[in-house]
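What follows is one structure encoded as structure tokens, with my remarks underneath.
Where a number appears in this text, it was derived from the coordinates with a stated rule and is not lab data. Small disclaimer: the values here were computed from a predicted structure and weren't measured. Note: ideal-geometry Cβ built from the backbone for every residue, glycine included; neighbour counts use all protein chains shown.
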Amino acid sequence: MRLRGALSDAGWSARCAGLVVALLASATACGPQDPQEPAPPVDPGVPAPSGGGAGGGGGAQNTDAWSSLPPNLHTDVELAPLGVREATYTRVCERARGDQFAKALCGVGGRPEIADLAGLLALAGLDQQRAFALTGNSTSLVSMSVSAINPRILVFPRVADGAPRPQSMTSVGFVRGEQFVEIVSRDELTDDLNFYLLAFEQPCSYQPNGCDLASLLTEEIEHGWTAYSVYDQDDLERTSFDCLSCHQPGGHGTKRMLRMQELSAPWMHWFPQRFVQRTESDRVLGMQFAEAHQSDAQYGGVPIATIANALDEGSGAQLEALLRAEGFAEQPNPFDAHIAAEMKSGTSATWQSRFDAHLRGEAIAVPFPSIDVTDAALRTAAVQSYLNVVEGGAPRESLLDLRRVFSPDAERKLSFVPQPGADGRTVLQQMCARCHDGRGNPALRKNQFNVLRLAEMPRALKDLAIERIDSETAVMPPKRAGYLPPEAKEAAKSELRK
Ligand code: HEC
Ligand code: HEC
């Protein structure tokens, strides 16, 4: 396989192969790549190592490993101001949270090396007694990346149907294409959930041109991590990564929750599902996934063979069991079980009423009412290109973006774009309310901008919104949330001029 060959050539496997083991023993670092690499940047605001906190001991050795790396030339623009690497590790660990993930990350061994996705799963305690679920349609932070050929994987503790919740709960979400992993872990002190974003670096992060599609969308992204930065819900609240905008639907200060809108059978977008009667999602989405990924060794840290032979695994059912055990059976604006049956006639009144609530800005986007979010021609071309590169020796530069495969209908129903011809108020409610409906932390400026109360909004704030809709450097909505075609921009701006 061409790509795996290329990886070995780059030397990561030889250099860092010991790291999964080292992770458990928690010390040995992956050595500097090249003594002639440029001097490391000074992390802004790194507290002195004696600063205390749970992450204190043993970190010094690891700090050296990171500081001999070149700077990440492509840190996300919203994460960069929050700091990177050691500064973020120290900040998160000083909060000394009582969840399993924080304890593993910040424990007495010092900062663990996390060399790859499998290493992260092991650190999170998800290398055993785990379940996993793949989804071909997500309404989460990463929805614009997710289809059956580039699914989101969730890995979480295995809970028997109807069993009580496990002692501790950590769950991980990952999709190829973005250099981060989403983590939630239940705090045993507060009994609330803590959310973390672990942003990792790869060797290509230090190249002027950055990481190409092959380093982000093939198995390469799951290996060879060189360093990481970690942020929690409090750090992220002020950014478009804000976990709370979906996981704290009750508003600032209320209890955080796990999300799964399609909580019950038939779990239209989840796979693999092996029951006596095969589900449609398993058949259609499982096949699309297998076509693209059958010759990968793993996807999302789970061996492909395990995914393909997941005989006792019902993805949706297992995630449902976890959510029920954790007390989150009541989801806001849920994707009701009978939508699938109604859709046999081509439309679903139930889905439509859920979607209307979303258009009014009352709830996050609703899962797609059909199984497949892709356009068949775009999907076929993307899968062929993927196979050509990973199996056929085609140049890596030829890889198409596996994320650009949505049908126009799916883009509209998933709220990547507004509805054609929508009036300005509806555009603002649909495309802005998730982050600007007044529920968030009142101390943050973004929460003064409330699209549900346009009538009371000061002129200056409306003008600022018009500017941000047209902005080239800080556009609203942010790129992971969607975009406004020209007619929708005009409609939104004329509403804001009122
Ligand atoms: C746009 C809404 C949205 C945002 C923002 C969001 N999530 Fe989620 N999250 C979801 C939804 C919806 C699911 C259910 C599965 C899916 O649709 O992909 C989910 C699932 C998860 C899961 C699996 C456990 C569960 O709740 O089902 C984890 C872990 C997770 N999210 C972590 C995070 C973290 C960490 C952040 C912030 C960095 C975040 N999420 C931001 C909507 C969101
Ligand atoms: C995914 C979340 C998200 C969505 C969706 C979103 N925004 Fe924002 N918005 C933010 C964040 C985070 C900030 C604060 C950081 C910044 O200014 O970039 C912000 C800031 C703003 C501000 C500046 C507020 C101030 O006083 O500084 C305006 C105005 C704004 N957004 C307008 C909009 C409009 C209009 C839309 C919809 C067309 C929209 N936003 C959609 C996350 C979002």
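Annotations
- Cut-off 14 Å between beta-carbons: net charge of the residues surrounding V284, Lys and Arg +1, Asp and Glu -1: -1
- Prolate/oblate/rounded label for the range 393-445 (Cα gyration tensor, a/c 1.5): oblate
- Kirkwood radius, the range 329-445, all distinct C-alpha pairs, inverse of mean reciprocal distance: 16.8 Å.
- Within the range 95-131: backbone nitrogen closer than 19 Å to the A297 label point (7 Å, Cα to C-beta): 114-123, 127-128
- Multiplying each eigenvalue of the alpha-carbon gyration tensor of the range 417-497 by 5 and taking the square root yields semi-axes of 18, 14, 13 Å, largest first, rounded to whole angstroms.
- Gyration tensor verdict on the chain (Cα atoms; rounded if a/c is under 1.5, prolate if a/b is larger than b/c, oblate otherwise): rounded
- Count Lys and Arg as plus one, Asp and Glu as minus one, and take only other residues whose Cβ is under 12 Å from that of S494; the net charge is then +2.
- Order of H358, H293 under a 10 Å beta carbon neighbour criterion, fewest first: H358, H293
- Label-point gap, in nm, between A329 and A474 - each point 7 angstrom along Cα→Cβ: 4.6 nm
- Rounded to whole Å, the principal axis extents of the Cα atoms in the range 105-214 read 49, 38, 24, largest first.
- Approximating the spin labels as points 7 Å out from Cα along Cα→Cβ, the R165-to-N309 distance works out to 3.5 nm.
- Pairwise FRET efficiency - E188 versus D212, Cβ, R0 = 51 Å, nearest 0.05: 0.75
- Note on the chain: Lys pairs 8 or more places apart or on different chains, Cα atoms under 17 Å apart, count 7.
- Prolate/oblate/rounded label for the range 126-171 (Cα gyration tensor, a/c 1.5): prolate
- Highest to lowest packing among 107-114, 295-302, scored as the average C-beta count within 10 Å: 107-114, 295-302
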